[in-house]
Structure formats: C-alpha cells, structure tokens
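Taking it in order: structure first as structure tokens, then the write-up.
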Amino acid sequence: MTTTTATTSATATAASNAATPEPTGAAPDAQQPVEPATLHAPVIDWFAAHARDLPWRRPEAGAWGVMVSEFMLQQTPVSRVLPVYQEWLARWPRPADLAAEAPGEAVRAWGRLGYPRRALRLHGAAAAMVERHGGEVPRDHHQLLALPGVGEYTAAAVASFAYGQRHAVLDTNVRRVFARAVTGSEYPPNASTAAERKLARMLLPEDEATAASWAAATMELGALLCTARNPKCEGCPIASACAWRRAGSPAHQGPPRRGQTYAGTDRQVRGKLLAVLRTAPAPVPQSVLDRVWHDPEQRTRALAGLVTDGLAERLPDGRYRLPGTR
C-alpha cells in the first residue's frame with residue numbers, strides 16, 4: 001500500500017482543530033494542530049492489514065462491480081448486500097446486460113435491500129452507459145456525474161475505487177471519522193455541509209494513488225472501528241491524534257440524531273406491496289394487493305406512490321406489475 005509524503009499548507013490549516021501526539025508524560029492539548037500527513041500513513045497502513053476481503057474490492061470486480069456495490073451499499077449494511085451483489089453480477093456482468101432487461105427485472109432482483117428506486121436508477125445508468133459510453137463505466141468524473149442516479153458521492157467513489165483517482169469520498173463513515181479525529185465532535189451534522197466537503201478535500205493526499213487508498217481506508221476505519229456506537233478507540237491507528245478523544249470524548253451537543261422509523265409507515269406498506277409484485281409470476285389483481293395492509297387509505301397512497309415512482313405499473317384491466325415486465 002502506498003503512503004503519502006507531503007501535504008500543502010492549506011491542508012494543514014484545515015486540520016487545525018485536531019491534535020498531535022504528546023510526548024510521554026506531557027499534558028494533552030486538544031487544540032494543538034496536526035499535520036494531515038501524520039494521519040495518512042497510519043490509517044492507510046492499518047487498512048492494508050485489516051481491510052475486509054469484499055468482492056467489489058477485488059481486481060476482477062472492475063468499474064461496473066464497484067458501481068453496483070456503491071448503489072447497493074447506500075444505507076444498507078454489507079451483510080445484506082453481499083448475496084444480492086453476487087447474484088446481480090452473475091446475472092448482469094456488464095452494464096449492457098442489465099440495460100437489455102426491463103427495469104422491473106432490476107427491481108425484482110433488488111429483493112429486500114430497501115430503497116428500491118436505487119434499482120431503477122442503476123438500470124437507468126446502465127442504459128445511459130450503453131448509449132453514451134459503449135457500455136463501459138466512464139473514467140471521467142464529470143461523465144459519471146451526468147449518469148442518471150449518480151450523485152457527487154457515487155461519482156467520486158467510482159472514480160476513486162475503480163480508477164484510483166484523487167477525489168474526496170464522503171459517506172457517513174468518513175464524515176464521522178473526520179468529525180472526531182479532526183474537528184473534535186462525536187458526530188458530524190445530520191446533513192453534509194460545505195465545510196465538511198472543504199475539509200475532506202484539504203485532507204486528501206496529493207498523490208493520486210495515495211488519495212484513493214486514503215478514501216477507502218477512512219471509510220473502512222469508520223465502518224469497523226470509529227463506529228457510531230461504542231467506537232473501538234483502543235484499536236484505532238490515530239487514537240493518539242484524535243481531537244475528540246483528546247478532549248475527553250465529549251458527548252454530542254448538536255441537534256438530536258435522527259432515528260429511522262419503519263413499522264407502520266408508508267415505506268413499510270410500499271415494501272409489502274412491492275414484495276407481492278416481485279414474487280408474482282404474472283400481473284397482480286387489485287384484490288390481492290388489498291390483502292397486504294389493513295388501512296385502505298394508507299394502502300392506496302402507498303400503491304399510488306409506487307406507480308408515481310416508476311416502481312409499479314397499472315395495466316388497463318386494473319392489474320399491477322413491475323415496470324416493463326410481462
């Protein structure tokens with residue numbers, strides 16, 4: 001694994017709220033600035049030794065495998081993604097293979113990963129790649145951003161993880177690592193901010209390959225050690241430089257952390273309706289869908305939402321199906 005050698009003075013300024021390791025016996029000073037280069041090597045070396053062997057990290061995954069994983073991993077744990085990812089790549093090993101199918105087949109294969117609009121977006125991205133890029137995942141960041149369903153995070157992640165480019169890749173795990181290690185907060189803001197994005201860019205190593213390693217390593221650090229609950233600071237390679245830990249690990253003082261509710265929500269009803277459509281061998285009559293949920297008003301609203309979002313189609317005879325399927 002490559003490690004970095006030098007950073008710009010602007011990068012050092014960006015991390016001015018982090019702390020440097022104190023000599024033995026010295027009193028800690030949580031406000032003392034740290035050179036970002038002192039964070040890069042320990043984190044990247046830790047990643048080289050402890051990274052999980054995940055299929056989308058293997059060379060044979062290619063850019064398409066990386067892109068599929070990034071769509072699937074949004075708000076979904078690795079353990080749930082793995083079996084669906086493997087089945088997906090076995091069925092659709094190239095973007096053109098997916099684009100040739102009806103979008104409803106992507107929704108069907110998505111299974112119970114949740115947030116099924118991601119399946120439609122991935123199908124749309126595959127179709128656009130066939131149309132614009134010869135069926136290949138583009139290397140250019142701006143071309144990635146222009147694909148349907150690809151936002152700043154996904155474009156940066158694919159460019160970095162698939163093509164080794166220098167981009168700030170900010171997911172929830174990375175944001176939490178930076179909040180603690182650099183700014184001294186237990187948690188980042190509920191929504192990403194311009195200040196976080198600026199800090200992430202300033203913390204990037206200058207060398208392209210090292211920057212790509214840093215992006216993957218900080219993400220893994222947040223997933224395995226710097227977790228939202230019960231962080232494993234004793235195993236963290238930058239614990240001695242962590243501003244939050246050196247400040248005494250103060251409790252979160254910002255707005256309450258948002259919890260996700262599911263039971264009884266329209267999202268749950270949508271999931272139940274979609275489960276019927278996914279498993280049905282033919283279009284489903286309204287009467288079958290009516291048995292899914294007890295509240296007719298909520299059920300009607302959820303079903304209408306699926307149709308509006310393109311996740312279901314209503315046929316002229318009143319039956320429903322996944323979009324484009326038979």
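The values are calculated or read from the model by the stated rules, or taken from the named source; none is laboratory data. Bear in mind that the values here come from a model prediction, so they are computed numbers and not experimental data. Every residue, glycine as well, gets a Cβ built from its backbone with ideal geometry; the counts of neighbours run over all protein chains shown. What goes into the accessible areas is simple: the full protein's heavy atoms, side chains included, and nothing from ligands, DNA or RNA. Shrake-Rupley method; radii C 1.70, N 1.55, O 1.52, S 1.80 Å.
Highest mobility in the GNM of the chain, judged by mean-square fluctuation with C-alpha springs under 10 Å and restricted to 204, 224, 144, is found for 224. Each of 137, 312, 165 was placed along the dipole of the chain (beta-carbon charges, centred on the mean Cα), and the one lying farthest toward the positive end is 312. Approximating the spin labels as points 7 Å out from Cα along Cα→Cβ, the residue 49-to-residue 304 distance works out to 5.9 nm.
Considering only 303, 230, 256, and ranking their Cα positions along the charge dipole of region 229-326 that arises from unit charges at the beta-carbon of Lys, Arg, Asp and Glu, the one farthest toward the positive end is 230. GNM remark for the chain: springs join alpha carbons under 10 Å apart, and the peak mean-square fluctuation among 121, 278, 301 falls on 301. Cα centroid separation, region 42-87 to region 124-187: 14 Å. Note: relative contact order over the chain, using C-alpha pairs below 8 Å and six or more positions apart, is 21 percent. Overall, region 33-117 carries a charge dipole of about 300 debye about its Cα centre when +1 sits on the Cβ of Lys and Arg and -1 on the Cβ of Asp and Glu, all other atoms neutral.
Before I look further, what does region 259-326 give for accessible area per residue, probe 1.4 Å, in whole square angstrom? Accessible area per residue, region 259-326: 57 Å².
With a Förster radius of 45 Å applied to the C-beta separation of residue 97 and residue 263, the computed FRET efficiency comes to 0.75.
Shape verdict for the chain, please, from the Cα gyration tensor: rounded (a/c under 1.5), prolate (a/b greater than b/c) or oblate. The shape class here is prolate. Return the distance in nm (one decimal) between the two label points of a simple spin-label model at residue 87 and residue 228, each offset 7 Å from Cα along Cα→Cβ. A separation of 2.6 nm, rounded to one decimal place. If the segment from residue 131 to residue 276 were pulled out straight at 0.36 nm per residue, it would be longer than the present Cα-Cα gap by 48.9 nm. For the chain, a crude dipole built from +1 on the beta carbon of Lys and Arg and -1 on the beta carbon of Asp and Glu, taken about the Cα centre, is about 1120 debye to the nearest 20. Farthest toward the positive end of the dipole of region 61-157, out of 148, 128, 104, is the Cα of 104, where the dipole comes from beta carbon charges about the Cα centre. Result for the chain in a Gaussian network model with C-alpha springs under 10 Å: among 83, 42, 255, the largest mean-square fluctuation is at 255.
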